[in-house]
1. Among 124, 95, 105, whose Cα sits farthest toward the positive end of the charge dipole of the chain (+1 at Cβ of Lys/Arg, -1 at Cβ of Asp/Glu, about the Cα centre)?
2. Could you work out how much longer the chain between residue 128 and residue 70 gets when fully extended? Use 0.36 nm per residue separation minus the Cα distance between them, nm to one decimal.
3. Treat every Asp and Glu Cβ in the chain as -1 and every Lys and Arg Cβ as +1, leave all other atoms uncharged, and give the resulting dipole magnitude about the Cα centre to the nearest 20 debye.
4. Where in region 9-39 does the label zone of residue 50 land, with the point 7 angstrom along Cα→C-beta and an amide N cut-off under 13 Å?
5. Return the calculated 222 nm mean residue ellipticity for the chain, to the nearest 500 deg cm²/dmol, obtained by summing -39500 (n - 2.57) across DSSP H runs with n ≥ 4 and dividing by the residue count.
6. Filter the trypsin sites (Lys or Arg not before Pro) in region 66-132 down to the DSSP loop ones having no more than 15 other Cβ atoms within 10 Å, then list what survives.
7. In Å², what does the accessible area per residue of the chain work out to with a 1.4 Å probe?
8. Return the tail of the calculated pair distribution for region 4-88, meaning the percent of Cα-Cα pairs more than 22 Å apart.
Amino acid sequence: MTGRVLDEHGKPVPNTLVEVWQANAAGRYLHKADQWPGPLDPNFLGIGRCLTDADGVYRFLTIRPGAYPWKNHPNAWRPAHIHFSLFGPSLVSRLVTQMYFPDDPLFALDPIFNAIPSETARAGLVSQYAHDVTESEWALGFRWDIVLRGPQATPFESAEGAAR
């Protein structure tokens, strides 16, 4: 997966620290608070960190996370997603958001995804398959740009934990 960190004018934001964390393919996080009985993968930590380059580009090689149940309502499952955290010289505070994968059947059932009031903003959280990023016989590629400010800004969690 790759993408760019951009300002409100579409200009790249270099030297931004991008951190990711995610569940494994079985939907399990390597965290003591995760009590979902899905199997842990001893070869997968579910975390990563990089700095954007001069063109604002980040890149991670990872697996597609699995959906996982959570108990906020009966038969509730979170769609596959990756958490992103951004820090940078132009950022006053840490920004946290989530990236989703296209065509997930769980979007309509996810209260977190649907807490974002605008359909356009929700669509901005969904990555796109990128054949030019795909590595032959190895890995599918996805592209997702993060816009820090302005009318096209990626929705981020507020300090209270709700999406804005």
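1. The listed residue farthest towards the positive side: 95.
2. 18.3 nm
3. 380
4. Label zone hits: 15-20.
5. Values: 2 runs with 9 residues, N = 164.
Mean residue ellipticity, 222 nm, calculated: -1000 deg cm²/dmol.
6. Filter output for region 66-132: 71, 94.
7. 58
8. The calculated P(r) of region 4-88 puts 38 percent of pairs beyond 22 Å.
The values are calculated or read from the model by the stated rules, or taken from the named source; none is laboratory data. Treat the numbers as computed from the prediction; the structure is a model and nothing was measured. No Cβ is skipped: glycine too gets one built from the backbone with ideal geometry, and neighbour counts run over all protein chains shown. The protein model used for the area step is the full one, side chains on, heavy atoms only, and it has no ligands, DNA or RNA in it. Shrake-Rupley method; radii C 1.70, N 1.55, O 1.52, S 1.80 Å.
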